[in-house]
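What follows is a set of notes on a single structure, which appears directly below.
The values are calculated or read from the model by the stated rules, or taken from the named source; none is laboratory data. Nothing here was measured: the structure is a model prediction, and the numbers come from that model. Cβ coordinates were reconstructed from backbone atoms using ideal geometry, including for glycine residues, and neighbour counts include every protein chain displayed.
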Amino acid sequence: MDLSQITEAIQRDAVWVVFVNVLLQQLGLPVPAVPTLLVAGSLAASSGQAGAMLAAAVAASVIADWVWYLAGRIFGYRVLSGLCRLSLNPGSCVTQTEARFMRWGVWSLVVAKFVPGFSTVAPPIAGSLRMPLPGFLAAAAAGAALWAGGAILAGWWLRDELQSALAMMSRHGSTMIVGLALALGGWIAWKLWQRYRFEKLAAIPHVTPSELIEALASDAPPLFLDLRGAALIATRGAVDGARAAEIDNLLRAVGDWPRERPIVTMCACPGDATAVRAAHVLGDLGYAAARPLKGGYEAWLAATRAA
């Protein structure tokens, strides 16, 4: 199927193409929806057809967000951790997304569609925090309407330019495909390099939960820093014996703790990402005995339940 046939398919079944494309993207599949919305907008024969496309996009987006909201409500932060593990650069994914949600509140759901990587993870955060469903659906619909409506309107405004671009792409399809493949390859290479750098950072000694339990019961217990976000601590509860800390303000949490004494950092991130970063930061500050907890919060929870 060449580009002209794809364009004809969009024009013939625009509403369904938009609905399916947006639904798949918002569920997390790597199928970009904005190009489809732009092309669909440029091919809209009337304001009524454009409105139907917008309604389809909003409905698909809200359905996908509702699915992720329910997953977050049922399974909690395990869903978010799973999504972050799928990322080519999972380091600090949980911390960053939660920080955005806490900073922006309900508005985070409105702007989520415009922030790469945030659109899929914002709904499960809302679900895990037990955000009221009516407010969630209203914010998700508003964000979807702004996002999809902007793309469709831009496509309609730039319809002549887009049609010219599509015609050029049809004439030089192979060249365009090579260019897109190179750009995609470069992006993947950059993300893999980021992952490689993180894995090198993570290759430091860790403390196991059983070792930490034993150390905390000793006469000289380590300083135990809980780097989970405020929302997760509020939802799942504080950890006995741990001191809440933020990666950007570690010295405040450490206080006057002796630099030669051990420190254990814990997070709820894939690969113990934030805990590893914190251990490195503390090491640079002179706390040479700072170590991340292996397996993070979930491993600690399992170990304390078994103890």
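Within the range 245-277, count every residue that is under 24 Å from the mean Cα position of the chain (by Cα) and closer than 17 Å to PRO221 by Cβ.
Within the range 245-277, residues that are under 24 Å from the mean Cα position of the chain (by Cα) and closer than 17 Å to PRO221 by Cβ number 3.
Only one of ALA154, ALA141 is over 21 Å from the mean Cα position of the chain (by Cα) and at pLDDT 75 or above. Can you tell me which?
Working: ALA141 fails: over 21 Å from the mean Cα position of the chain (by Cα).
None of the other options fit; the residue is ALA154.
Step by step: first the residues of the range 204-257, then only those that are of a type in the set (Lys, Arg) and part of a helix (DSSP H, G or I), then the one that is surrounded by the most Cβ atoms within 10 Å (Cβ to Cβ). Which residue is that? First the steps, then the outcome.
Of the residues in the range 204-257, the ones of a type in the set (Lys, Arg) are 228, 236, 243, 252.
After this cut, where a residue has to be part of a helix (DSSP H, G or I) as well, the list is 236, 252.
Values: ARG236: 15, ARG252: 9.
This residue is ARG236.
Taking the criterion of being at pLDDT below 75, in a helix (DSSP H, G or I) and surrounded by 14 or more Cβ atoms within 10 Å (Cβ to Cβ), would at least one residue in the range 170-190 satisfy it?
yes
A quick yes/no check of all residues on (1) modelled with pLDDT under 90; (2) of a type outside the set (Lys, Arg):
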| position | (1), (2) |
| --- | --- |
| ARG228 | yes, no |
| ALA234 | yes, yes |
| GLU260 | no, yes |
| CYS269 | yes, yes |
| ASP272 | yes, yes |
| GLY283 | no, yes |
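Looking at the structure I just gave you, is ARG197 loosely packed, with under 13 Cβ neighbours inside 10 Å, out of contact with any helix residue (DSSP H, G or I) (no Cβ under 9 Å at 6 or more places or on another chain), modelled with pLDDT of 90 or more and not assigned by TED's automatic domain parsing to the domain that holds TRP104? Steps first, answer last, please.
Details: loosely packed, with under 13 Cβ neighbours inside 10 Å: yes; out of contact with any helix residue (DSSP H, G or I) (no Cβ under 9 Å at 6 or more places or on another chain): yes; modelled with pLDDT of 90 or more: no; not assigned by TED's automatic domain parsing to the domain that holds TRP104: yes.
Taking the combined requirement at face value, the residue does not satisfy it.
Being outside any loop (DSSP other than H, G, I, E, B) and of a type outside the set (Ser, Thr, Tyr) is the filter; apply it to the range 27-43 and report the residue that is farthest from ASP65 (Cα to Cα).
LEU43
Taking the stated definitions as given, is VAL106 β-branched (Val, Ile, Thr), within 30 Å of GLY185 (Cβ to Cβ) and at pLDDT below 85?
Values: β-branched (Val, Ile, Thr): yes; within 30 Å of GLY185 (Cβ to Cβ): no; at pLDDT below 85: yes.
Judged against the criteria, VAL106 is not a match.
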